[in-house]
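Before any comments, here is the structure.
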């Protein structure tokens, strides 16, 4: 299934969970974010924000995940000042689990990162998906696959 169809499936799931739909981010909002943080959103992540753009404040899905709208996305070190800056300085948080018990982030400063997603909130980030598209797929099919294996 194509990525746009996955994003539509994700929005449908959120509506089923009683989460109000959020308008997609405009190109202007994306440009403003990129200028403010001196980053470039990879195509898959930009598409996600244009289509879904996260959840309203104080909401989460039936599994306990909350996807953030673009206006809330911030560098991990800003979200949690206790994190080691050398490990987290390039990562931007876009989702959390169970009221910030941990969160998910992506490197927006390195085009070579291929939008890989990390599980954050411990001393070192752990890769949980090799790409943002893969993260969305895991979220839809098996959200427990988004936790590091011990």
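What about residue 37, is it touching a residue at least 24 places away in the same chain (Cβ under 8 Å), surrounded by 12 or more Cβ atoms within 10 Å (Cβ to Cβ), farther than 17 Å from residue 136 by Cβ and out of contact with any helix residue (DSSP H, G or I) (no Cβ under 9 Å at 6 or more places or on another chain)? Lay out the reasoning, then the answer.
On the way: touching a residue at least 24 places away in the same chain (Cβ under 8 Å): yes; surrounded by 12 or more Cβ atoms within 10 Å (Cβ to Cβ): yes; farther than 17 Å from residue 136 by Cβ: yes; out of contact with any helix residue (DSSP H, G or I) (no Cβ under 9 Å at 6 or more places or on another chain): yes.
Judged against the criteria, residue 37 is a match.
I'd like to check something: does region 72-91 contain any residue that is touching a strand residue (DSSP E or B) at 6+ places or on another chain (Cβ under 9 Å), within 21 Å of residue 140 (Cβ to Cβ) and surrounded by fewer than 19 Cβ atoms within 10 Å (Cβ to Cβ)?
no
Please determine whether any residue of region 44-67 is in a helix (DSSP H, G or I), over 15 Å from the mean Cα position of the chain (by Cα) and in contact (Cβ under 8 Å) with a residue 60 or more places away in the chain. Reasoning before the result, please.
Filtering region 44-67 for residues in a helix (DSSP H, G or I) gives 44-51.
Those left that are additionally over 15 Å from the mean Cα position of the chain (by Cα): none.
There is no residue in region 44-67 that is in a helix (DSSP H, G or I), over 15 Å from the mean Cα position of the chain (by Cα) and in contact (Cβ under 8 Å) with a residue 60 or more places away in the chain.
Just checking, which of 122, 115 is under 18 Å from residue 4 (Cβ atoms), in a loop (DSSP other than H, G, I, E, B) and at pLDDT below 85?
Numbers: 122 fails: under 18 Å from residue 4 (Cβ atoms).
Among 122, 115, only 115 is under 18 Å from residue 4 (Cβ atoms), in a loop (DSSP other than H, G, I, E, B) and at pLDDT below 85.
Quick check on this structure: which one of 7, 108 is modelled with pLDDT under 90, closer than 18 Å to residue 130 by Cα and touching a strand residue (DSSP E or B) at 6+ places or on another chain (Cβ under 8 Å)?
Values: 7 fails: touching a strand residue (DSSP E or B) at 6+ places or on another chain (Cβ under 8 Å).
Matching residue, one of 7, 108: 108.
When you look at residue 94, is it buried (at least 22 other Cβ atoms within 10 Å of the Cβ), in contact with a helix residue (DSSP H, G or I) (Cβ under 9 Å, 6 or more places away or on another chain) and either modelled with pLDDT of 85 or more or more than 20 Å from residue 53 (Cβ to Cβ) (or both), yes or no? If you could, list the steps in order and put the result at the bottom.
Values: buried (at least 22 other Cβ atoms within 10 Å of the Cβ): yes; in contact with a helix residue (DSSP H, G or I) (Cβ under 9 Å, 6 or more places away or on another chain): yes; either modelled with pLDDT of 85 or more or more than 20 Å from residue 53 (Cβ to Cβ) (or both): yes.
Yes: the conditions hold for residue 94.
The values are calculated or read from the model by the stated rules, or taken from the named source; none is laboratory data. Computed from a prediction, not measured in an experiment: that's the story for all the values here. Backbone-built Cβ (ideal geometry, glycine too); neighbour counts: all protein chains shown.
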